[in-house]
Amino acid sequence: MKIRKPSFKLPRLLILGCGDVGMRLLPLLRQRYRVFAVTSQPERCAELRAAGAVPIVADLDQPATLRRLAGLAPRIVHLAPPQAEGKLDRRTRRLAAVLPAARLVYISTTGVYGDCGGALFDETRPVAPRNARALRRVDAEQVLRAWARRRGGRVSILRVPGIYAAERLPLKRLREGTPVLLAEQDVYTNHVHADDLAQIVVRALQHGQPGRVYHAVDDSCMKMGEYFDAVADVFGLPRPPRLERAALTAAVSPALLSFMSESRRLSNKRLKTELGVHLRYTDVTGGLQAARASAGKLSARSCRTACLVCGVSSKASAAALR
């Protein structure tokens, strides 16, 4: 029988930005690391502790609270997004100012490439951000590279596309009838399931090369409208209406329009050959089927809970589910 080391004897690891992906990471890490999870919300401490992490209350917008992070762990996963405005990632700049040398994995975005006209490319393509959101991510990457050179740290960068899972699907947009582009004007998008992203982070911690960029994307090759159609079909919802770009401009938010104005296809060869990643969901089709099954289980559990509270019979509950 294998005896597990006491947690205080395990190597330390720090997670910044322990939201959905961070919570998926914890079960993959807590057996081999003593995990410290940073939160700016004290009310989340009990949740993080129950998930196997040591909660640390600190705020990347409050520099004075970050001093306790210095030297806390030799391995760091940086999932925290930049602040919502400006061209610089002030949060990452504050973090880099206090961190000593460490092994760090940064979760960036494929948006740093801007519009690529649907081209297929690898990680050697230069960045060309087109909006402030992407500029902040480029700034964070550059700041962390400079930090690694200055402190003797090691940083690996994961450029991540649209993340999906059962709880991260555009069901509300579909129910509201939000339009998408005509097929002939549509843009290519890239995707990764949240569970796959969690395991990619682990592989990057173990095998990522210093200063190296990896495309954390699946094998899908599909346009945005095709993705919305696929989600609608799996969940029994109407497919979204299609509009030409001029009409769409007046029908959707500027933020959504910006995503509909960039087209690119990213190669994940380096992800597989260097990190040894074996995707659980190689494409969106398989991931959506799993998400539908997961949503069904959640509905069933919710219904059973409601039955216990309201006194509805299990037969009536089953009939309602059908």
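FYI, it's all coordinate maths here, none of it is from the lab. Values in this document were obtained by computation on a predicted structure and should not be read as measured data. FYI the Cβ positions are ideal-geometry reconstructions off the backbone, even for glycines, and counts take in every protein chain you see.
Residues of the stretch 256-272 falling in the label zone of residue 282, defined by backbone nitrogen less than 13 Å from a point 7 Å along Cα to beta-carbon, are absent.
Classification of the chain by its C-alpha gyration tensor yields an oblate form. The axis ratio a/c (a ≥ b ≥ c) is 1.5 or more, and b/c is at least a/b. Looking at the chain alone, DSSP beta bridges between its own residues are antiparallel in about 5 percent of cases. Add +1 for every Lys or Arg and -1 for every Asp or Glu among the other residues with Cβ under 9 Å from the Cβ of residue 116, and state the total. Taking every Cβ under 9 Å from that of residue 116, the sum is +1.
Karplus-derived 3J(HN,Hα) values for the stretch 87-103, using 6.51 cos²θ - 1.76 cosθ + 1.60 with θ = phi - 60°, are 9, 10, 8, 5, 5, 5, 5, 5, 5, 4, 5, 10, 7, x, 4, 7, 9 Hz; glycine and proline are entered as x. Dipole size of the chain about its Cα centre, with +1 on Lys/Arg Cβ and -1 on Asp/Glu Cβ: approximately 1660 debye, rounded to the nearest 20. Charge dipole (Cα centre; +1 on Lys/Arg Cβ, -1 on Asp/Glu Cβ; no other charges) of the stretch 64-142 amounts to roughly 460 debye.
May I have the count of lysine pairs in the chain with C-alpha atoms under 25 Å apart, counting pairs 8 or more residues apart or located on different chains?
Value for the chain: 5.
Taking amide H as placed 1.01 Å from N in the peptide plane, the amide H of residue 15 sits under 5 Å from that of 36, 37, 38, 77, each at least 5 places away or on another chain.
Mind running the shape call on the stretch 1-112? Use the C-alpha gyration tensor, a ≥ b ≥ c as the square roots of the eigenvalues: rounded below 1.5 for a/c, prolate if a/b tops b/c, oblate otherwise. Judged from the Cα gyration tensor, the stretch 1-112 comes out prolate (a/c at least 1.5, a/b above b/c).
Rounded to the nearest Hz, the phi-derived 3J(HN,Hα) couplings of the stretch 128-140 under the Karplus curve 6.51 cos²θ - 1.76 cosθ + 1.60 (θ = phi - 60°) are 8, x, 10, 9, 4, 4, 6, 4, 5, 5, 4, 4, 4, where x marks glycine and proline.
Between residue 176 and residue 61, the simple spin-label model (points 7 angstrom out along Cα→Cβ) gives 2.3 nm.
Sequence-ordered 3J(HN,Hα) estimates for the stretch 270-285 from the Karplus curve with 6.51, -1.76 and 1.60 and θ = phi - 60° stand at 4, 4, 7, 7, 8, 9, x, 6, 10, 5, 6, 10, 6, 9, 5, 4 Hz, glycine and proline given as x. Here the gap between residue 274 and residue 292, fully extended at 0.36 nm per residue and compared with their Cα-Cα distance, gives a gain of 3.3 nm. Indicate the gyration tensor shape class of the stretch 224-286 (rounded, prolate or oblate), computed on the Cα atoms with a ≥ b ≥ c the square roots of the eigenvalues: a/c under 1.5 is rounded; otherwise a/b larger than b/c is prolate and the rest oblate. Taking the square roots of the gyration eigenvalues as a ≥ b ≥ c, the stretch 224-286 is oblate.
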